[in-house]
Each structure stands twice: as C-alpha cells, then as structure tokens.
Amino acid sequence: MVQAIRIHVTGGPEVLRPEDIELAPPAPGEVRIRHRAIGLNFIDTYQRSGLYKLASLPAVLGMEGAGDVVAVGDGVTELRAGDRVAYGTELGGYAAERNIRADRLVPLPPVIAYETAAAMMLQGMTVRYLFREVFDVGPGTVMLFHAAAGGVGLIACQWARALGATMIGTAGSPEKAELARAHGCTHVIDYRRENFVERVRELTGGRGCDVVYDSIGRDTFPGSLDCLKPKGLWVSFGNASGPVPPFDLTQLKGSLFATRPSLMAYTATTEQLRANAADLFAQVEAGRIAIRVNQRYALADAEQAHRDLESRKTTGSSILVV
Ligand code: NDP
C-alpha cells in the first residue's frame, strides 16, 4: 500500500483525502518511482474543483514530482532502478510512489536537487515555452507578466532578465512586488492598489507591450488587451481568478493576436519535453535562475496547501514532501 491524496468528487480543498492505495507493478513502458518531492501547482486546484475535467474518478492529483526509479516495466531500456528522475506533465503525483510512462520522465542531472526539480519542472518548462516558443523574447521585448511573484512568476522574472527583456510584472501586495523586483522584474505594479492598464501606458510611454502573459483570467480581462501595442500578442495561459468570459472577436481590435497555450501541447513528444527540460536545467546550472521553494507541506497536508495557494498566500514555488 502507498500513501496518496485522492479525490472521489470534485469540489473545494476538503475533497482531498489522504488514503492508502494499491499500486500494481509497472506496466510495459512504465517505471515505478519513489518520490522525494512533489510539486504543487495551480492546475491541481482546477482539476480538484472540476474546472478542468479529469478522465475518471477517483484520481490521485498532482502533475509534477522528482524521485528515484525503484522498478521498471517490460520494454524500458533507458532507465534502471536507482536512476534520479523528474517530470511535470503526468497526473498522479500526490503519492509516495507511482507508476509513470518512462518516456515522460527526464533524467535528473546530479547537481539538481530533488526538491528543486519538483519545484520547477512544470513552472520552469512553462516559462521556457512561453519565452522561447510562444513568443521570441529578447532584448527589445516589452512584456506584461501577471502574478510575477508566484511560482511561474519568479522564474519568469529571472528568465526575462537573462534574455535582456523589459518585464512589467503585477503582484498582489507590496511585499510580493518587492520579491518580483528582487528577482529581476524591471517594473512591478501592485494591481490591487493601482490600475494596471494606466500604469502600463505610463511605463511604456503610451506604446503598449509586445506581449502580455496573462494567467489570471477573469479579473484581468479585458484590461490585458488594452496593454498591448497594435499587432501585439495576448497569451492567456491560466485562470487563477476564474476563466476568461466568452468575448466578441472585435475586442481584438488593433489587429491583436491571441493564443491559449498549454505546456502539454508544447511538450507533446519526448524530444520536445527533453529539449525544454535541458534548457531549463542549463539556466539553473549556470546560476541564471534560482528556484525558490517558499512553501513546504507534508503530503498529508495537501488540503492546507491548496487553501494557501488559492487564497494568494504563497510566493514562488511550493512542494509536498513524503
Ligand atoms: P502562482 O504561484 O502564480 O499562484 C497564483 C497567483 O495568482 C496568486 O499567488 C496570486 O498572486 C494570483 N492571483 C490573482 N488573482 C487571484 C485569485 N482570484 N485567486 C488566486 N490567485 C490569484 O501559481 P502557479 O505558478 O502554479 O501558476 C500560475 C498560473 O499559470 C496559473 O494560472 C496556472 O494555471 C498557469 N499555468 C499555466 C500553464 C499552461 O501551460 N497553460 C502551465 C503552468 C501554469 P498575486 O496575489 O500576486 O496576484
């Protein structure tokens, strides 16, 4: 039996149930891993609440983790018991041990600690595809990035600085604003106190941004569109405040572009997944990006972790430990 957190129904944090579950031997193409650390992400709350539909219930939540291979299924040749591995796109993470497809794992370089990996695989690979694939961020880029002091946000601050971009971040308190600034965000707007659309206009001298990365959804729509220059790109990649409401395409006036990307689509093949992770590891190994594990919870305390994340209490990354 294995310690896990499952949901049987969707709902609030109270539906997260600590349970001991049976784990079958790994199927062909799978390995069994023992977690050393498990990542906590906002997507976990969408899956728990039912905003994102799961294929079946009951389900073990969690998309991210790091640990050691303890058994391999038939046909797995590139991994062996004892290998250090990590992942960020596979449901079933909130458990002491799990089975997982070997081709969705990334071997962990010796210099990257388990906790660092569990804190960055999903969020760091997200920043990587947002900055290197969705838009080619470089020294001339002026971007707006919401929730700059969050898990994805603090990695984005550092990656934007490394690329020489101008990053205007938003954050929900003066302390969070300071944290984002300390991680390389060029300008920070406290959007609970200031009108972020007006501040972006001022900061860009009326020009607007090349790209807006919006993971807040309902509360920052349509303001985010008003922060773009003509032909600018609106990247709607999350719904921390609720989904963006249905809208009329004429709201993309100014010849704006819009995309709704997902990490899963950008890491659909093993080659894409490992290329993305290799770039992330290189940034961390070079010291350009430091991963902040600002909250640690016991796996059994996943309910509290969800409450903290959804009530905007956290900064940087959060992990669950077994
Ligand atoms: P964060 O650590 O960024 O936490 C979410 C933050 O959103 C909060 O800390 C808060 O920061 C801000 N926020 C604003 N309004 C609300 C609200 N009403 N309720 C709760 N939070 C609010 O989470 P993650 O780093 O895990 O994820 C960030 C976002 O990126 C999420 O929306 C997530 O779904 C999305 N995402 C999308 C991916 C994709 O591929 N599409 C992949 C990974 C993440 P503040 O107080 O400063 O406003």
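Within segment 10-46, report the GluC sites (Glu not before Pro) that DSSP leaves as loop and that have at most 11 other Cβ atoms within 10 Å.
Working: sites: GLU14, GLU19, GLU22, GLU30; in loops: GLU22.
Within segment 10-46, the qualifying GluC sites (Glu not before Pro) (loop, at most 11 other Cβ atoms within 10 Å) are GLU22.
Indicate the gyration tensor shape class of segment 1-140 (rounded, prolate or oblate), computed on the Cα atoms with a ≥ b ≥ c the square roots of the eigenvalues: a/c under 1.5 is rounded; otherwise a/b larger than b/c is prolate and the rest oblate. Don't skip to the end; give the middle numbers.
Working: a/c = 1.90, a/b = 1.09, b/c = 1.75.
Oblate, since a/c reaches 1.5 and b/c is not below a/b.
Between VAL188 and residues 5 or more places away or on another chain, which pairs have amide H atoms under 5 Å apart, with H built 1.01 Å from N, and which residues are they?
GLY169
I need the shape label for segment 190-236. Rule: rounded when a/c is under 1.5, else prolate if a/b > b/c, else oblate, with a, b, c from the alpha carbon gyration tensor.
Values: a/c = 2.27, a/b = 1.07, b/c = 2.13.
Taking the square roots of the gyration eigenvalues as a ≥ b ≥ c, segment 190-236 is oblate.
Principal axes first, then extents: for the Cα atoms of segment 209-322, list largest minus smallest coordinate on each axis, whole Å, largest first.
50, 34, 26
Determine the gain in length on full extension of the stretch ALA286-SER49; use 0.36 nm per residue of separation and subtract their C-alpha separation, reporting nm with one decimal. Don't jump to the answer; show the numbers that get you there.
On the way: separation 237, 0.36 × 237 = 85.32 nm, distance 3.82 nm.
Full extension from ALA286 to SER49 adds 81.5 nm.
Looking only at Cα atoms, what is the convex hull volume of segment 139-260 per residue, in Å³?
Numbers: hull volume 11.1 nm³, N = 122.
Dividing the Cα hull volume of segment 139-260 by its residue count gives 91 Å³.
For the chain, find the longest principal axis of its Cα atoms and tell me its angle to the long axis of helix 270-285, 0 to 90°, nearest 10.
70 degrees
Once every Cα of the chain carries one equal point scatterer and solvent is ignored, give the base-10 log of I(q)/I(0) from the Debye formula at q = 0.08, 0.11 Å⁻¹, two decimals.
Taking Cα atoms of the chain as identical point scatterers yields -0.36, -0.67.
Counting heavy atoms of the protein chains only and a 1.4 Å probe, report the per residue accessible area for the chain as a whole number of Å².
Values: 13310 Å² over 322 residues.
Per-residue accessible area for the chain comes out at 41 Å².
Using a 10 Å Cβ count of at most 15 others and DSSP loop calls, identify the longest part of the chain lacking such trypsin sites (Lys or Arg not before Pro).
Numbers: sites that count: LYS53, ARG80, ARG192, ARG193, ARG207, LYS253, ARG288, LYS313.
Excluding the exposed sites themselves, the longest stretch runs over 81-191.
Set the Förster distance to 25 Å, then compute FRET efficiency between ALA298 and GLU175 from the Cβ-Cβ distance, nearest 0.05.
Details: r = 26 Å, r/R0 = 1.02.
Once rounded, the FRET efficiency stands at 0.45.
Let me spell out the model: positive unit charges on the Cβ of Lys and Arg, negative unit charges on the Cβ of Asp and Glu, origin at the Cα centre of segment 1-135. What dipole size does that give, in debye rounded to 20? Numbers along the way, then the final one.
Numbers: 14 positive and 16 negative charges, 47 e Å.
So the magnitude is around 220 debye.
At 222 nm, what value in deg cm²/dmol follows for the chain if DSSP H runs of at least 4 each add -39500 (n - 2.57) and the sum is divided by all its residues, to the nearest 500? If you can, show how the numbers build up before the last one.
Details: 9 runs with 87 residues, N = 322.
The helix-only estimate for the chain comes to -8000 deg cm²/dmol at 222 nm.
With all protein chains present, how much of the accessible area of the chain (probe radius 1.4 Å) comes from carbon and sulfur, to the nearest whole percent? Walk me through the numbers before you get to the answer.
Numbers: 6760 of 13310 Å².
Carbon plus sulfur share of accessible area: 51 percent.
Enter the angle in degrees (range 0 to 90, nearest 10) between the Cα long axis of helix 151-163 and the first principal axis of the Cα atoms of the chain, meaning the one along which they spread out most.
60 degrees
The values are calculated or read from the model by the stated rules, or taken from the named source; none is laboratory data. On a predicted model such as this, the values are computed, not experimentally measured, just so you know. Neighbour counts are summed over all protein chains in view; Cβ atoms, including those assigned to glycine, are modelled from backbone coordinates with ideal geometry. For the accessible areas, the whole protein counts, side chains as well, though only heavy atoms, and no ligand, DNA or RNA atoms are used. Shrake-Rupley method; radii C 1.70, N 1.55, O 1.52, S 1.80 Å.
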